[in-house]
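Below is one structure, written out as structure tokens; the observations come after it.
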Amino acid sequence: MLTDAAGRIFADLCDKALLDAAERGEFPAALWRALEGNGFHQLAMPDSGGTLADAFALIGLGGRWGVPVPLAEVLLANRWIGGSDRLATIGQVLDGRIVEAPWGRRAHLVLGLDADRSAYVLVARDREAGAPLESGRNMAGEARDALAIPAGAEWVTLTEPAHAYLALARAVAMAGCLGRILDLSLQYANEREQFGRPIARFQAIQHNLAVMAGEVAAAGRAADAAVDALDGDRFELEVAVAKARVGEAAGVVAEIAHQVHGAMGYTHEHQLHHFTRRVWAWRDEYGNETYWQRRLGRHLIRTGADGLWPLLATRG
Amino acid sequence: MRPTVLQFDRITLPEETEALRVEVRQFLQDNAEHLSRPNSDFTTGHDPAFSRKLGQRGWIGMTWPKRYGGGERSFFDRYVVTEELLAAGAPVSAHWIADRQSGNLILSVGSEAQRERYLPPIARGESYFSIGMSEPNSGSDLASVRTRAERVEGGWLINGTKLWSTDAHRNHFMIALVRTEPPSDNRHAGLSQIIIDLREDGAVIRPIRNMAGGEDFNEVVFEDVLVPEDRVVGEPGNGWQQVTGELAYERSGPERFLSAFRVFVELVRVAAERGDPALRLPSAGSPPTSPRSGACPFPWPGCSNRARARRLKRRWSRRWETISRSCCRRSRASRPTTPSRRCPGSTVSGRRWRTRCCCRPLSRFVAAPGKSSAA
């Protein structure tokens, strides 16, 4: 139900024009107001009536629509700081600055996670005073900003697995986005005609779409399994699986999608790139496939060869 | 969201299946002598003694009615038993096809007499079935099979060749897809399924050597092979619907992803023993050292992987030295009049490389210390 309401907001507001504008640096104010007005930004807070699982469902839906509001950061920041009606975002501390903060330029509150992700520094941006900030973008054209940490800024210890939550947020968003990429590809293949018929009638196209569908299904299940494991003792293991598997799927799906769309899909005018660039960008954020596969590999070795099957057989 | 067909929900097995899982593991420990060569590739572990033991435990034909020797257990129970056996690499080949599909086919479309005759020995782990579908000219296009069964006095006369029948040289029966009516416009019409007794009916069975040196599958030739009337399974002419139903049993189940599992187990064992350096991380559980993780191939400003940046700077500085020395040697040879000329060098790690010619510094590849925010 929550996702139905959010889905309607996204369907109404989140069109290609909005994604183009966000890429140009225009913050989607109307969309933010709609989300904030309905309390979605505080869905991950303990007394909101929503659970963390609901929050991840919203993030996944946002991925499907390519929503240019940093849902993961907003939801988690609100959860950790006890709520705010002003835009809050999360970046990482590096060499005395907070970097990679989505829409840092527009945020009132910026949380900077330390290297261990065990604490964050909270920077309240006084935009009138013009605190120094570098505007940047990731590969998808999403705002990724950096700012200095003022002296005396407050550090807060985290009691939740922030690194795993953010990695999972990216995995879930990617899974939603991959589903959208599949839909766009199916639609295109059925509409585009060559040799007197829709290209979807060619077996080579069908095979590729089938591979794509398989990847979307596997990625979706991997991301869902990690959300299912939120309260259990295998959570970080499942996050490793999810982020690694979804990242792999992203590579396959994006490649096939561009192959199916041909030159049309390579244009800025066509909306496909908004989604493929997002999955390419997100798979590198909060740990790429190699990073999480190595962690998983270390875990499996510690488990030992004879413990491998019992581990797999008791996954939820 | 995702189309329903691509949405997989979490499945929690019933609690009783967990107890059953423990039972199977105990059984495997008690019968460890059968697992001397653990291999989840279920086509290669043919062990009638093991199959009989499983049958005695009631773990073959688990879902069938009790009056046919089955256990009337759930498909979840069967799933747990089969996946534990496969994960352990137990030798299940002998009874596998009979349990997985042939018995289910007979149960669903066979006559009562056929059920009573064929199912109990399968459930006991004593009777083994092979598949008679593919032919030399019919693989993916299964409907094009040409083996024919002609109604004659005394039964059906069969002529043709079946191919890739796993263990036909060791099993008791085959269920063959045959053409019982001439081909027509409807290529799926006129097919039937018929039970062949591989030891008694007179089919000629030739094992085929595979590329790994094993002999599991076979060519089975029928030359005027007569089988009794009561061997047709289900309705004559309804073979296509029946065989596609049978194939649904064949092409599902955990064997489809567990058949390489033992290889994975041994990989983990080897990796643990050898201490693969690729698996070492800076510290257990630490987040990636750069916000966008993965290898940073060049020491661009902003790269926070300091150790790597330093290594790369050293490598480029050695190359710069090599290039500058070689080009300066050439230059000195051709321009002997400017011994005091010096090249603008590039400052790398505090050292200044000077040359006696106008080599262009490769500064675009090497970040001077202090300019990179990572250094």
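The values are calculated or read from the model by the stated rules, or taken from the named source; none is laboratory data. Being a predicted model, the structure only gives us computed values, none of them experimental. In this analysis, Cβ positions are derived from the backbone assuming ideal geometry, glycine residues included, and neighbour counts consider all displayed protein chains.
Only one of B:I97, B:I131 is modelled with pLDDT of 95 or more, under 30 Å from B:E18 (Cβ atoms), of a type outside the set (S, T, Y) and in contact with a strand residue (DSSP E or B) (Cβ under 7 Å, 6 or more places away or on another chain); which?
Working: B:I131 fails: under 30 Å from B:E18 (Cβ atoms).
Every option except B:I97 fails the conditions.
What about A:P161, is it within 14 Å of another protein chain (Cβ to nearest Cβ) and over 26 Å from B:Q7 (Cβ atoms)?
Values: within 14 Å of another protein chain (Cβ to nearest Cβ): yes; over 26 Å from B:Q7 (Cβ atoms): yes.
In short, yes.
Could you tell me how many of the residues in the range A:82-110 are among the small types (G, A, S), over 22 Å from A:W282 (Cα atoms) and within 14 Å of another protein chain (Cβ to nearest Cβ)?
The initial filter retains those residues of the range A:82-110 that are among the small types (G, A, S), namely A:82-84, A:88, A:91, A:96, A:101, A:104, A:107.
The next check asks that each one be over 22 Å from A:W282 (Cα atoms); those that pass are A:82-84, A:96.
Okay, now just the ones that are also within 14 Å of another protein chain (Cβ to nearest Cβ), so A:96.
Residues flagged as among the small types (G, A, S), over 22 Å from A:W282 (Cα atoms) and within 14 Å of another protein chain (Cβ to nearest Cβ) within the range A:82-110 amount to 1.
Quick one: would you say B:S252 is modelled with pLDDT under 60 and not β-branched (V, I, T)? Write out each step before concluding.
Numbers: modelled with pLDDT under 60: no; not β-branched (V, I, T): yes.
Here the answer is no, as B:S252 does not meet what is asked.
So, in the range A:118-154, exactly how many residues are more than 17 Å from A:H108 (Cα to Cα) and either touching a strand residue (DSSP E or B) at 6+ places or on another chain (Cβ under 8 Å) or surrounded by 19 or more Cβ atoms within 10 Å (Cβ to Cβ) (or both)? Give the derivation first.
Going through the range A:118-154, the residues more than 17 Å from A:H108 (Cα to Cα) turn out to be A:118-119, A:136-142, A:151-152.
In the following step, the residues that additionally are either touching a strand residue (DSSP E or B) at 6+ places or on another chain (Cβ under 8 Å) or surrounded by 19 or more Cβ atoms within 10 Å (Cβ to Cβ) (or both) were identified as A:118-119, A:136-138, A:140-142.
The number of residues fulfilling the criteria is 8.
Quick check on my filter: what residues within the range A:89-102 are in contact (Cβ under 8 Å) with a residue 40 or more places away in the chain and closer than 19 Å to A:Y165 by Cβ?
Here is the first cut: in the range A:89-102, the residues in contact (Cβ under 8 Å) with a residue 40 or more places away in the chain are A:90-91, A:93, A:96-102.
Once the filter is applied, which keeps residues that are in contact (Cβ under 8 Å) with a residue 40 or more places away in the chain and closer than 19 Å to A:Y165 by Cβ, the range A:89-102 yields A:I90, A:G91, A:V93, A:I98, A:V99, A:E100, A:A101, A:P102.
Is the range A:250-260 home to any residue that is touching a Ser or Thr at 6+ places or on another chain (Cβ under 9 Å), within 14 Å of another protein chain (Cβ to nearest Cβ) and assigned to a loop (DSSP other than H, G, I, E, B)?
The answer is no; no qualifying residue exists.
Taking the conditions exactly as written (surrounded by 19 or more Cβ atoms within 10 Å (Cβ to Cβ) and closer than 16 Å to B:W156 by Cα), does B:V265 satisfy them or not? Steps first, please.
Numbers: surrounded by 19 or more Cβ atoms within 10 Å (Cβ to Cβ): yes; closer than 16 Å to B:W156 by Cα: no.
Against the criterion (surrounded by 19 or more Cβ atoms within 10 Å (Cβ to Cβ) and closer than 16 Å to B:W156 by Cα), B:V265 does not qualify.
Give me a count of the residues in the range B:144-160 that are touching a Phe, Trp or Tyr at 6+ places or on another chain (Cβ under 8 Å) and either part of a loop (DSSP other than H, G, I, E, B) or surrounded by 17 or more Cβ atoms within 10 Å (Cβ to Cβ) (or both).
Here is the first cut: in the range B:144-160, the ones touching a Phe, Trp or Tyr at 6+ places or on another chain (Cβ under 8 Å) are B:147, B:149-150, B:158-160.
With either part of a loop (DSSP other than H, G, I, E, B) or surrounded by 17 or more Cβ atoms within 10 Å (Cβ to Cβ) (or both) added as a condition, the list becomes B:147, B:149, B:158, B:160.
Looking only at that region, the number is 4.
Restricting to helices (runs of 4 or more DSSP H) lying wholly in the range A:265-316: which have 1 or more residues that are basic (K, R), more than 10 Å from chain B (Cβ to nearest Cβ) and buried (at least 19 other Cβ atoms within 10 Å of the Cβ)? Quick ask: steps written out before the conclusion?
Working: elements: A:272-282, A:289-303, A:305-313.
Qualifying helices (runs of 4 or more DSSP H): A:272-282.
Consider A:D233 against the criteria (1) within 11 Å of chain B (Cβ to nearest Cβ); (2) not in a helix (DSSP H, G or I): it satisfies all of them except one. Which criterion is unmet?
(1)
Kindly evaluate A:E215 against the criterion of being touching a residue at least 24 places away in the same chain (Cβ under 8 Å), touching a strand residue (DSSP E or B) at 6+ places or on another chain (Cβ under 8 Å) and surrounded by 18 or more Cβ atoms within 10 Å (Cβ to Cβ).
Numbers: touching a residue at least 24 places away in the same chain (Cβ under 8 Å): yes; touching a strand residue (DSSP E or B) at 6+ places or on another chain (Cβ under 8 Å): no; surrounded by 18 or more Cβ atoms within 10 Å (Cβ to Cβ): yes.
Here the answer is no, as A:E215 does not meet what is asked.
Among A:R79, A:R8, which is under 30 Å from A:D183 (Cβ atoms) and at pLDDT 95 or above? Before the answer, list the steps.
On the way: A:R79 fails: under 30 Å from A:D183 (Cβ atoms).
The conditions single out A:R8.
If a residue has to be without any contact (Cβ under 8 Å) to a residue 24 or more places away in the chain and either over 19 Å from A:M212 (Cβ atoms) or among the hydroxyl-bearing types (S, T, Y) (or both) to count, how many in the range A:183-198 make the cut?
5
Give just the number: which of (1) more than 30 Å from A:L182 (Cα to Cα); (2) away from every other protein chain (no Cβ under 11 Å) does A:L113 not satisfy?
Of the numbered conditions (1) more than 30 Å from A:L182 (Cα to Cα); (2) away from every other protein chain (no Cβ under 11 Å), the odd one out for A:L113 is (2).
So, in the range B:1-44, of the ones that are more than 14 Å from chain A (Cβ to nearest Cβ) and at pLDDT 90 or above, which residue ends up nearest to A:D224 (Cα to Cα)?
Restricting to residues being more than 14 Å from chain A (Cβ to nearest Cβ) and at pLDDT 90 or above, the top hit is B:F27.
What are the residues in the range B:6-24 that are touching a residue at least 12 places away in the same chain (Cβ under 8 Å) and under 20 Å from B:F257 (Cβ atoms), if any?
B:L13, B:T17, B:R21, B:V24
Which ones in the range B:48-69 are surrounded by fewer than 20 Cβ atoms within 10 Å (Cβ to Cβ), assigned to a loop (DSSP other than H, G, I, E, B) and touching a helix residue (DSSP H, G or I) at 6+ places or on another chain (Cβ under 7 Å)?
B:R57, B:T63
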